[in-house]
Amino acid sequence: MHFEYKIKGGDFANAGNASSQVKKILKQLNVDHLLIKRVVVSLYEAEVNIVAHALEGIIKVDIDAEKIILRLEDKGPGIPDIPLAMKEGYSTASPEVRAMGFGAGMGLSNIKKNADKFNITSKVEVGTQLEIIIYFK
């Protein structure tokens, strides 16, 4: 199964919609609720990162009998120092984003904690790509 979701930067009113859709699909597939939680936490954090930091992005979701693969690609400022961005509490979110309750600097580390495989690449002034794999067993 393959699904795609387009994400608009700055659209906090719809942030989390893709995560909610994937949650519904996994429930319909009778996936274990703890595994759904890991997928939704990872995807929500990554989705909000696109909304908070990028101009736009796309989420590609592939589900097979063994795993779910989440690929997120955005167009935006990119991340100049990925190891620093991975540290809990580090954030480049704007004051406006923080005032809305986002940008605590936990997103990337939460994604990594919930993923079985996690890969991030980024190019400054181009964008960032994430690949998150979570196995069903």
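Key figures
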read-out	value
Test: residue in the range 77-99 that is closer than 25 Å to H33 by Cβ and modelled with pLDDT under 95	no
Cross-chain or 6+ apart pairs with Cβ under 9 Å, the range 121-137 first and free of Cβ contacts under 8 Å to residues at least 40 places away in the same chain, then part of a strand (DSSP E or B) and open to solvent by less than 40 Å² (accessible area, probe 1.4 Å)	T121/T128; T121/L130
Scan of the range 103-124 for residues that are within 29 Å of Y135 (Cβ to Cβ), open to solvent by 50 Å² or more (accessible area, probe 1.4 Å) and not in a strand (DSSP E or B), ordered by number	A104, M106, K112, K113, D116
Members of the range 21-35 found to be under 16 Å from M1 (Cα atoms), open to solvent by 60 Å² or more (accessible area, probe 1.4 Å) and in contact (Cβ under 8 Å) with a residue 12 or more places away in the chain, listed by number	Q21, K23, L29
Verdict on R38 being in contact (Cβ under 8 Å) with a residue 60 or more places away in the chain, under 20 Å from Y5 (Cβ atoms) and part of a helix (DSSP H, G or I)	yes
Output for the range 4-14, where each listed residue is free of Cβ contacts under 8 Å to residues at least 60 places away in the same chain and either part of a helix (DSSP H, G or I) or open to solvent by less than 60 Å² (accessible area, probe 1.4 Å) (or both)	Y5, G10, D11, A13, N14
Criterion: under 20 Å from F12 (Cα atoms), open to solvent by less than 40 Å² (accessible area, probe 1.4 Å) and in contact with a Leu (Cβ under 6 Å, 6 or more places away or on another chain) - qualifying residue of I59, I132	I59
Test for I79: is it hydrophobic (A, V, I, L, M, F, W, C), closer than 20 Å to E125 by Cα, in contact (Cβ under 8 Å) with a residue 24 or more places away in the chain and not in a helix (DSSP H, G or I)	yes
Residue match in the range 64-72 (condition: modelled with pLDDT under 95, buried (at least 20 other Cβ atoms within 10 Å of the Cβ) and part of a loop (DSSP other than H, G, I, E, B))	no
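The values are calculated or read from the model by the stated rules, or taken from the named source; none is laboratory data. Predicted model only: the values in this text are computed from it and were never measured. Ideal geometry is used to build each Cβ from the backbone, glycine not excepted, and the neighbour counts take in all protein chains shown. SASA here: full protein model, heavy atoms, side chains in, ligands and nucleic acids out. Shrake-Rupley method; radii C 1.70, N 1.55, O 1.52, S 1.80 Å.
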